[in-house]
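*Asks:* I'd like to ask some things about the structure below.
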Amino acid sequence: MTVTLTSKGQITIPKDVREKLQLKTGDKLEFLLHEDGRLELLPITSSITKLKGILPKPKKALKLEDMDKVIQEAAIDWD
């Protein structure tokens, strides 16, 4: 697949690539340049807000003090 660089240093990502990567207007992409000259293009399309709702709500809400206690106990067990 070949693309053309414009005078402004821009390229157009072919439609089939955009569809395969599920890219939308405003999505961010990361360019990784390897020492051997290879270029890797990675979509950065996930947002933390997309994670909302993937886990069920807890049956019982915990108090902040209870959460702190569990975290401290886990930290002690980790040592």
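The values are calculated or read from the model by the stated rules, or taken from the named source; none is laboratory data. Predicted, not measured: the structure shown is a model, and the values here were computed from it. Surface areas here come from the heavy atoms of the whole protein model, side chains and all, with no ligands, DNA or RNA. Shrake-Rupley method; radii C 1.70, N 1.55, O 1.52, S 1.80 Å.
*Asks:* Taking only Cα atoms of the chain, what ratio of Rg to Rh do you get with Rh as the Kirkwood inverse-distance radius?
*Replies:* On the way: Rg = 22.1 Å, Rh = 17.7 Å.
Reported Rg/Rh, Kirkwood definition of Rh: 1.25.
*Asks:* Run lengths n ≥ 4 of DSSP H only: what is the helix-derived mean residue ellipticity at 222 nm for the chain, with -39500 (n - 2.57) per run over all residues, to the nearest 500? Display every interim value, and only then the final one.
*Replies:* Numbers: 2 runs with 21 residues, N = 79.
My calculation for the chain gives -8000 deg cm²/dmol from helical runs alone.
*Asks:* Along region 67-74, what does the Karplus equation 6.51 cos²θ - 1.76 cosθ + 1.60 (θ = phi - 60°) give for ³J(HN,Hα), rounded to whole Hz, x for Gly and Pro?
*Replies:* Values, residue by residue: 5, 4, 4, 5, 5, 5, 5, 5 Hz.
*Asks:* I'd like the carbon and sulfur percentage of the solvent accessible area for region 15-79, probe radius 1.4 Å, heavy atoms only, ligands and nucleic acids excluded. Walk me through the numbers on the way to the answer.
*Replies:* Values: 3990 of 6810 Å².
Carbon and sulfur: 59 percent of the exposed surface of region 15-79.
*Asks:* Another one. Gap in Å between the Cα centre of region 36-79 and the Cα centre of region 11-31?
*Replies:* Using only Cα atoms, the two centres lie 28 Å from each other.
*Asks:* Further question: Holding the Cα-Cα limit at 25 Å, pick out from Lys28/Lys57; Lys15/Lys52; Lys24/Lys52; Lys8/Lys28; Lys28/Lys50 the pairs that are longer than that.
*Replies:* Working: Lys28/Lys57 31 Å; Lys15/Lys52 29 Å; Lys24/Lys52 20 Å; Lys8/Lys28 19 Å; Lys28/Lys50 15 Å.
Result: Lys28/Lys57; Lys15/Lys52 exceed 25 Å.
*Asks:* In square angstrom, what is the accessible area per residue of the chain with a 1.4 angstrom probe?
*Replies:* Numbers: 8170 Å² over 79 residues.
Each residue of the chain exposes 103 Å² on average to a 1.4 Å probe.
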